[in-house]
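J.: Attaching a single structure in structure tokens format; questions to follow.
The values are calculated or read from the model by the stated rules, or taken from the named source; none is laboratory data. The shown structure was predicted, so the numbers you read here are calculated from the model rather than taken from an experiment. Reconstructed Cβ throughout: ideal geometry from the backbone, glycine too, with neighbour counts over all protein chains shown. Note: areas computed on protein heavy atoms with side chains; ligands, DNA, RNA excluded. Shrake-Rupley method; radii C 1.70, N 1.55, O 1.52, S 1.80 Å.
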Amino acid sequence: MLRYLTGLLLLLLAGCTAGVNPLPDPREMSFAPLDFSFPEVARESLDNGMELYLLPDDELPLIDITVMIGGGSIDVSEEKTGLGGVYAATWRSGGAGKRTPDQVDSELDLRAMNLGINTDNYTSSLHLSLRKEDLPFALTLLRDLLLAPGFEADRMEIVRKQAIEAVRRRDDNPGSTAGRVLRAALYPDHPLGRVSSAETLNAIEREDLLAFHRRHVHPDNLLLGISGDFSPVDLGDQLESLFGAWSKGRSERQEIPPLTPSQAPAVHVADRELTQTTIFLGDRGIEKGNPDQYPLRVMNYILGGGSFNSRLMREIRSNRGLAYSVYSQVQIGRRLPGMILLGGETKSGSTLEVVGLMRQEMEKLRADPVPEQELALAKESLINSFVFAFDQRHEVVSRAMRLDFFDYPPNYLEQFRENIASVTAADVQQVAKVYLRPEMQTVVLVGQEQDFDAPPATLGLPVTEVSRE
């Protein structure tokens, strides 16, 4: 019986497929060129200088609000390193206006609202996500957070203790250790290279948080972006009522400390009882005003940013099986040069071999023009993936805010794909020669030194030992 049913099923399948055209070969398929345009973000301002970025969208009864403030950790004094993180966490958890911290948390939970606050090198940002019907409450809470933050002392102590515990444990993560050592070498005696300690965190007082807030949080030093299901006319009336009487503050920008020279190239070894080594190779790169950013982005994709399409992944993982993860990054700095980084993890016994292969792939990019097929794949991938940075409507708003705040050139986004498409093989080789300098890169190795396949000194650079914090 089973044999009969099996035969019958095969006959039915054969009948169903008879006369059906075979599926086309994916390699022979063609598609229309990608057509993408940016939604128009309305830009308005209140009389007190508050800049508004508005993008109505009634697809869902939801609203997102982002506030970007021109004040970050870049000019925090060395003895109070870590203030930015303590400020953001205490601002979020420390109450607002007449609401205690517990009341703020309870009201957010009751409405299923999300509130997040973050401070980076140059900005502090606040984000609220909410239902349409909760907009009046959200704007009132936003006013209290901006004009009357609580910074409740007990909450600040909780934040401080959590930050100190994070300092105590950060050497538990090899990647965290490698990043800290690399930044300190590339940006010595500078906020970009500093990390907090128990001493600097204990030096922060509540008055420091209040002073930071008073200095930076003014209507003419912030951008307010809103997207979602709202009426622009009604929203304008609400914002004018809540913030119109808020007077302007000082208009000067935060001070950006000038960079000091990087430390001389060296191999920094953090000897840890690990079965694999975390490897970082790094150098300073460029900031956003440098036109080399476009060939650098293409070069980075080819070198290690393109995952399995990259040379590092193909040579070190696929061909040799020496690493599960290996990559490169070009971090375009917004006001100061960012890092060019190569990273990976490998077993202790292949540590120096992997470093050598990383250097070898950089030298190949310097010595030979990339083949046209490889170049075309990199450019096409960067161009096609660009649109996925805007798969959420609010990201269009927040990106517009960031571009304006950091003084990007007009039509930067609109021209991005065109600038990538114009990159040539000669351009890629030229930036590789300028920015990929293996002999000038800082090398960081976090692993069991006695198990390395060769002494770190064989890399031709001075070797320094990194002590555990």
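J.: Only one of Pro258, Pro232 is out of contact with any helix residue (DSSP H, G or I) (no Cβ under 9 Å at 6 or more places or on another chain) and either surrounded by fewer than 13 Cβ atoms within 10 Å (Cβ to Cβ) or farther than 27 Å from Ile63 by Cα (or both). Can you tell me which? Write out each step before concluding.
T.: Numbers: Pro232 fails: either surrounded by fewer than 13 Cβ atoms within 10 Å (Cβ to Cβ) or farther than 27 Å from Ile63 by Cα (or both).
Going through Pro258, Pro232 in turn, just one is out of contact with any helix residue (DSSP H, G or I) (no Cβ under 9 Å at 6 or more places or on another chain) and either surrounded by fewer than 13 Cβ atoms within 10 Å (Cβ to Cβ) or farther than 27 Å from Ile63 by Cα (or both): Pro258.
J.: Where residues in the stretch 15-28 are open to solvent by 90 Å² or more (accessible area, probe 1.4 Å) and of a type in the set (A, V, I, L, M), which of them is modelled with the highest pLDDT?
T.: Result: Leu23.
J.: Further question on the same structure: I'd like the full set of residues that are more than 22 Å from Ser77 (Cβ to Cβ), open to solvent by 20 Å² or more (accessible area, probe 1.4 Å) and in contact with a helix residue (DSSP H, G or I) (Cβ under 6 Å, 6 or more places away or on another chain), limited to the stretch 157-200.
T.: Matches in the stretch 157-200: Ser176 only.
J.: Quick one: in the stretch 312-340, of everything that is in contact (Cβ under 8 Å) with a residue 40 or more places away in the chain and buried (at least 23 other Cβ atoms within 10 Å of the Cβ), which residue is nearest to the chain's Cα centre (by Cα)? Working first, answer last.
T.: In the first step, residues of the stretch 312-340 are kept if they are in contact (Cβ under 8 Å) with a residue 40 or more places away in the chain; the result is 312, 315-316, 330-340.
Then drop every residue that is not buried (at least 23 other Cβ atoms within 10 Å of the Cβ), which leaves 312, 316, 330, 340.
Numbers: Leu312: 22, Ile316: 26, Val330: 11, Ile340: 14 Å.
Among those that are in contact (Cβ under 8 Å) with a residue 40 or more places away in the chain and buried (at least 23 other Cβ atoms within 10 Å of the Cβ), it is Val330.
J.: Counting residues that are open to solvent by 10 Å² or more (accessible area, probe 1.4 Å) and out of contact with any Gly (no Cβ under 9 Å at 6 or more places or on another chain), which strands (runs of 3 or more DSSP E) fully inside the stretch 39-111 reach at least 2? Reasoning before the result, please.
T.: Numbers: elements: 42-45, 51-56, 62-69.
Answer list for the stretch 39-111: 42-45.
J.: Any residue at all in the stretch 294-301 that is of a type in the set (Ser, Thr, Tyr), touching a Lys or Arg at 6+ places or on another chain (Cβ under 9 Å) and open to solvent by less than 10 Å² (accessible area, probe 1.4 Å)? Please lay out each step first, then the result.
T.: So in the stretch 294-301, the residues of a type in the set (Ser, Thr, Tyr) come out as 294, 301.
Retained after the next criterion (residues that are touching a Lys or Arg at 6+ places or on another chain (Cβ under 9 Å)): 301.
If we keep only those that are open to solvent by less than 10 Å² (accessible area, probe 1.4 Å) too, we end up with none.
Among the residues of the stretch 294-301, not one is of a type in the set (Ser, Thr, Tyr), touching a Lys or Arg at 6+ places or on another chain (Cβ under 9 Å) and open to solvent by less than 10 Å² (accessible area, probe 1.4 Å), which makes the answer no.
Residue-wise test of (1) touching a helix residue (DSSP H, G or I) at 6+ places or on another chain (Cβ under 6 Å); (2) open to solvent by less than 40 Å² (accessible area, probe 1.4 Å).
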{"position": "Gly236", "(1), (2)": "no, yes"}
{"position": "Ser241", "(1), (2)": "no, no"}
{"position": "Gly244", "(1), (2)": "no, yes"}
{"position": "Thr278", "(1), (2)": "yes, yes"}
{"position": "Gly306", "(1), (2)": "no, yes"}
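J.: Can you name the residue in the stretch 341-356 that is in a strand (DSSP E or B) and not acidic (Asp, Glu) and, of all such residues, is surrounded by the fewest Cβ atoms within 10 Å (Cβ to Cβ)?
T.: Within the stretch 341-356, the first condition is being in a strand (DSSP E or B), and the residues that meet it are 341-347.
Subset that is not acidic (Asp, Glu): 341-344, 346-347.
On the way: Leu341: 23, Leu342: 26, Gly343: 23, Gly344: 26, Thr346: 27, Lys347: 17.
Top of the filtered list is Lys347.
J.: Hey, among the residues in the stretch 376-407 that are of a type in the set (Ser, Thr, Tyr) and under 17 Å from the mean Cα position of the chain (by Cα), which one's most open to solvent (accessible area, probe 1.4 Å)?
T.: Within the stretch 376-407, the subset of a type in the set (Ser, Thr, Tyr) is 381, 385, 398.
Checking the rest, the ones that are also under 17 Å from the mean Cα position of the chain (by Cα) come to 385, 398.
On the way: Ser385: 62, Ser398: 12 Å².
If we take residues in the stretch 376-407 being of a type in the set (Ser, Thr, Tyr) and under 17 Å from the mean Cα position of the chain (by Cα), then Ser385 is most open to solvent (accessible area, probe 1.4 Å).
J.: Would you check if there is a residue in the stretch 150-160 being touching a residue at least 12 places away in the same chain (Cβ under 8 Å), within 30 Å of Gly447 (Cβ to Cβ) and charged (D, E, K, R)?
T.: no
J.: Are any of the residues in the stretch 420-428 among the polar types (S, T, N, Q), at pLDDT 95 or above, part of a helix (DSSP H, G or I) and surrounded by fewer than 19 Cβ atoms within 10 Å (Cβ to Cβ)?
T.: Of all residues in the stretch 420-428, those among the polar types (S, T, N, Q) come to 422, 424.
Those still in the list that are at pLDDT 95 or above too: 422, 424.
Of the ones still in play, those that are also part of a helix (DSSP H, G or I) are none.
No, because not a single residue in the stretch 420-428 is among the polar types (S, T, N, Q), at pLDDT 95 or above, part of a helix (DSSP H, G or I) and surrounded by fewer than 19 Cβ atoms within 10 Å (Cβ to Cβ).
J.: Report, by residue number, each residue of the stretch 227-274 that is β-branched (Val, Ile, Thr) and at pLDDT 95 or above. Please lay out each step first, then the result.
T.: The first filter runs over the stretch 227-274 and keeps only residues β-branched (Val, Ile, Thr), leaving 233, 256, 260, 267, 269.
Val267, Val269, listed by residue number.
J.: So, in the stretch 365-420, exactly how many residues are more than 23 Å from Phe308 (Cβ to Cβ) and small (Gly, Ala, Ser)?
T.: Residues in the stretch 365-420 being more than 23 Å from Phe308 (Cβ to Cβ) and small (Gly, Ala, Ser): 3 in total.
J.: Tell me, which strands (runs of 3 or more DSSP E) lie completely within the stretch 194-302 with 2 or more residues that are under 30 Å from Pro409 (Cα atoms) and touching a residue at least 24 places away in the same chain (Cβ under 8 Å)?
T.: On the way: elements: 222-228, 267-271, 276-284.
Hits in the stretch 194-302: 222-228, 276-284.
J.: Then there's this: Please verify whether Phe405 is in contact (Cβ under 8 Å) with a residue 24 or more places away in the chain, at negative phi and of a type in the set (Phe, Trp, Tyr), treating the condition exactly as stated. Give the steps one after another, and end with the answer.
T.: Details: in contact (Cβ under 8 Å) with a residue 24 or more places away in the chain: yes; at negative phi: yes; of a type in the set (Phe, Trp, Tyr): yes.
Yes; evaluated as a whole, the condition is true for this residue.
J.: Additional query: Pairs, please: C-beta under 6 Å, at least 6 apart or cross-chain, first residue surrounded by 17 or more Cβ atoms within 10 Å (Cβ to Cβ) and in the stretch 126-142, second polar (S, T, N, Q)?
T.: Sorted first by the residue in the stretch 126-142, then by its partner, the pairs are His127/Thr66; Ser129/Asn114; Leu139/Gln238.
J.: Further, regarding this structure: Any chance the stretch 440-461 includes a residue that's of a type in the set (Phe, Trp, Tyr), out of contact with any His (no Cβ under 6 Å at 6 or more places or on another chain) and open to solvent by 30 Å² or more (accessible area, probe 1.4 Å)?
T.: No, the stretch 440-461 has no match at all.
J.: Would you confirm whether or not the stretch 367-379 contains a residue that is among the aliphatic types (A, V, I, L, M) and over 21 Å from Tyr294 (Cα atoms)? Walk me through how you get there before you give the answer.
T.: Within the stretch 367-379, the subset among the aliphatic types (A, V, I, L, M) is 367, 370, 375-378.
Those still in the list that are over 21 Å from Tyr294 (Cα atoms) too: none.
Taking every residue of the stretch 367-379 in turn, none turns out to be among the aliphatic types (A, V, I, L, M) and over 21 Å from Tyr294 (Cα atoms).
J.: Suppose the filter is within 20 Å of the chain's Cα centre (by Cα) and surrounded by fewer than 13 Cβ atoms within 10 Å (Cβ to Cβ); does Gln373 pass it?
T.: On the way: within 20 Å of the chain's Cα centre (by Cα): no; surrounded by fewer than 13 Cβ atoms within 10 Å (Cβ to Cβ): yes.
For Gln373, the condition - within 20 Å of the chain's Cα centre (by Cα) and surrounded by fewer than 13 Cβ atoms within 10 Å (Cβ to Cβ) - is not met.
J.: Take the residues in the stretch 408-419 that are open to solvent by 30 Å² or more (accessible area, probe 1.4 Å) and part of a helix (DSSP H, G or I), then tell me which one is nearest to Arg359 (Cα to Cα). Working first, answer last.
T.: Start the filter on the stretch 408-419 by keeping residues that are open to solvent by 30 Å² or more (accessible area, probe 1.4 Å), which leaves 408-411, 414-415, 417-419.
With part of a helix (DSSP H, G or I) added as a condition, the list becomes 414-415, 417-419.
Numbers: Glu414: 35, Gln415: 33, Arg417: 30, Glu418: 31, Asn419: 28 Å.
Among them, the one singled out is Asn419.
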